[in-house]
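Input: a single structure, listed below in structure tokens.
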Amino acid sequence: PTEERRVALIEALRAVTEGKIFLELESARLTRQLAAIKEKNGDIAEAATILQETAVETIGSMEAREKTDFILEQVRLCLGKKDYVRADIIGKKIKRDRLIKQGFHDLKLRHCELMTEYNTHKKNMLALANDFLSRFNTPSIQEDPALWKPALERVVLYIALAPYGKDQQQLLNRVYKEPKLVSILFSMMKCLYAKYF
């Protein structure tokens, strides 16, 4: 069908499934399809609004991976819409330690990227350090030096830029025990020496 007819069909099906508990999963999937069409047409604000209508946390028949992916999509569209308050609220629904236990490392990395965008906007250096530390501690990142080195460098940088306090000191002590830190500090010192001497 044409896109107009497809949108009309999706909206009709959403109207039919609205409020029916046994069709929550199907309704959420239809909502996501409609939001994807709106985003493809350049209407990110409308796509974000449509996707936020669905509270996937309450859908019992949806698997954990799909739920997390749905929430991450809501955060991404909120950030695209520049609605940072909602992005923060929705982003806090996801707990990284739970993603690790479930083995959803790819979703954890997506969450880190989205929260990095949010924390960069808020200029929250300590949160940025935590985002990159969480990225650094992901098994797939640990395997590749081209991925873990930049992540660890950013952890060190953002800890240094974070305001002095108890949280900064705790994070600094945690990172100080990291064995790979020596190679990062050596390369950073080498760069500084080459630049200034």
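The values are calculated or read from the model by the stated rules, or taken from the named source; none is laboratory data. Quantities reported herein were computed from a predicted structural model and do not represent experimental measurements. Neighbour counts are summed over all protein chains in view; Cβ atoms, including those assigned to glycine, are modelled from backbone coordinates with ideal geometry. Surface areas here come from the heavy atoms of the whole protein model, side chains and all, with no ligands, DNA or RNA. Shrake-Rupley method; radii C 1.70, N 1.55, O 1.52, S 1.80 Å.
Taking every residue in the range 164-185 that is closer than 13 Å to W148 by Cα and pairing it with any residue that is at pLDDT below 95 and not charged (D, E, K, R), at least 6 positions away or on another chain, the pairs with Cβ-Cβ distances below 6 Å are I184/L152.
Taken as a whole, the structure places R29 among residues that are surrounded by fewer than 19 Cβ atoms within 10 Å (Cβ to Cβ), charged (D, E, K, R) and more than 17 Å from the chain's Cα centre (by Cα). Filter the range 10-26 for residues that are within 17 Å of T68 (Cα to Cα) and either open to solvent by 50 Å² or more (accessible area, probe 1.4 Å) or not hydrophobic (A, V, I, L, M, F, W, C) (or both) and give the result. Those that are within 17 Å of T68 (Cα to Cα) and either open to solvent by 50 Å² or more (accessible area, probe 1.4 Å) or not hydrophobic (A, V, I, L, M, F, W, C) (or both): E24, E26.
Pairs linking a residue in the range 123-146 that is within 14 Å of D167 (Cα to Cα) and in contact (Cβ under 8 Å) with a residue 12 or more places away in the chain to a residue that is surrounded by 21 or more Cβ atoms within 10 Å (Cβ to Cβ) and among the hydroxyl-bearing types (S, T, Y), with Cβ atoms under 7 Å and 6 or more positions apart or on different chains, are M125/Y158; L128/Y158; A129/Y158. The residue that is least open to solvent (accessible area, probe 1.4 Å), among those in the range 135-174 that are under 23 Å from H105 (Cα atoms) and small (G, A, S), is A151. When the residues of the range 32-62 are filtered to those that are without any contact (Cβ under 8 Å) to a residue 12 or more places away in the chain and charged (D, E, K, R), the one that is surrounded by the fewest Cβ atoms within 10 Å (Cβ to Cβ) is K40.
Scanning the range 65-97 for residues that are in contact (Cβ under 8 Å) with a residue 24 or more places away in the chain, open to solvent by 40 Å² or more (accessible area, probe 1.4 Å), more than 17 Å from H121 (Cβ to Cβ) and part of a helix (DSSP H, G or I) gives R65, R96.
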